[in-house]
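Read through the structure below, which is laid out as structure tokens, and then see the notes.
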Amino acid sequence: MFGIGEKKETFSVEGMTCHHCEMTVERFAMQVPGVKKAKADRKTKTLEIVYSGSVDRDLLRLKIQEAGYTLIV
């Protein structure tokens, strides 16, 4: 469940091929202010985040790019 004021959003991510990739994407997503939880799935090529307030999608995209993957916003 979500906490009060929390929202969930799912993004497409290109380039994940293994469990290590998922963990890396999650770790970098958690560096974005407001992100409370991150769950990457290489099979569905998605990143699901739970956040409070708002999340800077440009910063999220840049963080995932910094990790070596492509976030489709």
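We did not get these values from a lab; they are worked out from the coordinates using the rules stated. Note that the coordinates shown come from a computational prediction; the quantities given were computed from them, not determined experimentally. So basically every Cβ, Gly included, is an ideal-geometry build from the backbone, and we count neighbours across all protein chains shown.
A few remarks follow.
- In the stretch 25-65, residue surrounded by the fewest Cβ atoms within 10 Å (Cβ to Cβ) [restricted to those that are assigned to a loop (DSSP other than H, G, I, E, B) and among the hydroxyl-bearing types (Ser, Thr, Tyr)]: SER54
- Scanning the stretch 30-69 for residues that are within 18 Å of GLY15 (Cβ to Cβ) and small (Gly, Ala, Ser) turns up ALA38, ALA40, ALA67, GLY68.
- Residue match in the stretch 2-13 (condition: buried (at least 16 other Cβ atoms within 10 Å of the Cβ) and basic (Lys, Arg)): no
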